[in-house]
Amino acid sequence: MLKIPTMDDWYSLAQRYPQYLKVTNTTLKDYGHMACMEFVDQTFSDRGKDVRLLEFGHGFSPQIMERFQSKHEVWGADRDQGLHYFAHINWEENFASKVASRCGDVKFVRELLTSATPSDIIPDSYFDCIMSVSVLEEVPIRTLQNILHGAARKLKPGGYLIGTHDLLCPIAGQRIPQYAAAHREAGLDLGDVPPIRMDWNNLLLENPLAVMVWYQMDEPKETRRYHGHYATIYTVARKI
């Protein structure tokens, strides 16, 4: 499944997860958290610690891991990558205060997920569901392909890779087919992908002021120009 969420999609989920029913500068990440929570709630609702979940690239967002840590076996994989968003902060101190303090039952590893991630750090064929929220847009398509192959290796047969990939709208027509093809190449089934249509009257967008000030902060202030709005894709793929 591949979909481009709308404002109505966000609002429907926020009715179920009211902590997100607010004005925010992290609209796309909030939607991704809610969509992943809904999938896990619905797919594994009657099961317990036999369900194994991994969120990679969680950064300083503990919401998904915190929600499921007492019910399922939950892992988190991430490390400081020197991103310009976080250049002014101490990564480990922020992780300890904002994530680890709230997720005492989560197994954390300092690792990035790739096809070369060792099995003694993140086990192969182990997880029922792997997820990422607003992560994969950060990397070029070759790196993304590598990450998806790594995720497929860590999933059980029949396991799910879910999450959101934010989209710079001017290049969405190029990136979306590449993203879908990368899933297929990694042995991950998205099902029938419908023709891509963006409902510009109802499209879920990131706050453009946040994009200009935060996302583009690595550009010189004096010459900075806006590159375009950000939307997102939500995908659910199953390991074949």
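The values are calculated or read from the model by the stated rules, or taken from the named source; none is laboratory data. Model, not experiment: these values are computed from the prediction. Every residue, glycine as well, gets a Cβ built from its backbone with ideal geometry; the counts of neighbours run over all protein chains shown. Side chains included, ligands, DNA and RNA excluded: accessible areas come from the protein's heavy atoms. Shrake-Rupley method; radii C 1.70, N 1.55, O 1.52, S 1.80 Å.
Looking across the stretch 102-147, the residues that are among the aromatic types (Phe, Trp, Tyr) and touching a residue at least 40 places away in the same chain (Cβ under 8 Å) come down to 126, 127. Looking only at residues of the stretch 55-103 that are under 15 Å from residue 128 (Cα atoms) and charged (D, E, K, R), we find that the one that is surrounded by the most Cβ atoms within 10 Å (Cβ to Cβ) is 55. For the stretch 168-178, the condition of being under 24 Å from residue 3 (Cα atoms), crowded, with 21+ Cβ neighbours inside 10 Å and not aliphatic (A, V, I, L, M) holds for none of the residues. So which residues in the stretch 148-167 are open to solvent by 10 Å² or more (accessible area, probe 1.4 Å) and either without any contact (Cβ under 8 Å) to a residue 40 or more places away in the chain or among the basic types (Lys, Arg) (or both), if there are any at all? Result: 149, 153, 156.
Okay, residues lined up against (1) at pLDDT 95 or above; (2) within 28 Å of residue 213 (Cβ to Cβ); (3) β-branched (Val, Ile, Thr):
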{"site": "51", "(1), (2), (3)": "yes, no, yes"}
{"site": "80", "(1), (2), (3)": "no, yes, no"}
{"site": "88", "(1), (2), (3)": "no, yes, no"}
{"site": "122", "(1), (2), (3)": "yes, no, yes"}
{"site": "130", "(1), (2), (3)": "yes, no, yes"}
{"site": "137", "(1), (2), (3)": "no, yes, no"}
{"site": "145", "(1), (2), (3)": "yes, no, no"}
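Scanning the stretch 104-122 for residues that are open to solvent by 70 Å² or more (accessible area, probe 1.4 Å) and in contact with a Lys or Arg (Cβ under 7 Å, 6 or more places away or on another chain) turns up just one, 110.
Pairs meeting the criteria (first residue in the stretch 216-230 and in contact (Cβ under 8 Å) with a residue 40 or more places away in the chain and within 11 Å of residue 168 (Cβ to Cβ), second residue part of a loop (DSSP other than H, G, I, E, B) and of a type outside the set (Gly, Ala, Ser), beta carbons under 9 Å, at least 6 apart or on different chains) are 227/216; 229/205; 229/206; 230/205; 230/206. Of the residues making up the stretch 214-224, just one is assigned to a helix (DSSP H, G or I) and open to solvent by less than 80 Å² (accessible area, probe 1.4 Å), namely 215. For residue 211, the conditions (1) more than 17 Å from the chain's Cα centre (by Cα); (2) more than 17 Å from residue 1 (Cβ to Cβ); (3) part of a loop (DSSP other than H, G, I, E, B) all hold with the exception of (3).
In the stretch 192-204, the count of residues that are part of a strand (DSSP E or B) and out of contact with any helix residue (DSSP H, G or I) (no Cβ under 9 Å at 6 or more places or on another chain) is zero. For the stretch 32-54, the set of residues classified as open to solvent by 10 Å² or more (accessible area, probe 1.4 Å), assigned to a strand (DSSP E or B) and in contact with a helix residue (DSSP H, G or I) (Cβ under 9 Å, 6 or more places away or on another chain) is empty. Determine if the stretch 17-31 includes at least one residue that is assigned to a helix (DSSP H, G or I), farther than 29 Å from residue 184 by Cα and open to solvent by 30 Å² or more (accessible area, probe 1.4 Å). Checked the stretch 17-31: at least one residue is assigned to a helix (DSSP H, G or I), farther than 29 Å from residue 184 by Cα and open to solvent by 30 Å² or more (accessible area, probe 1.4 Å).
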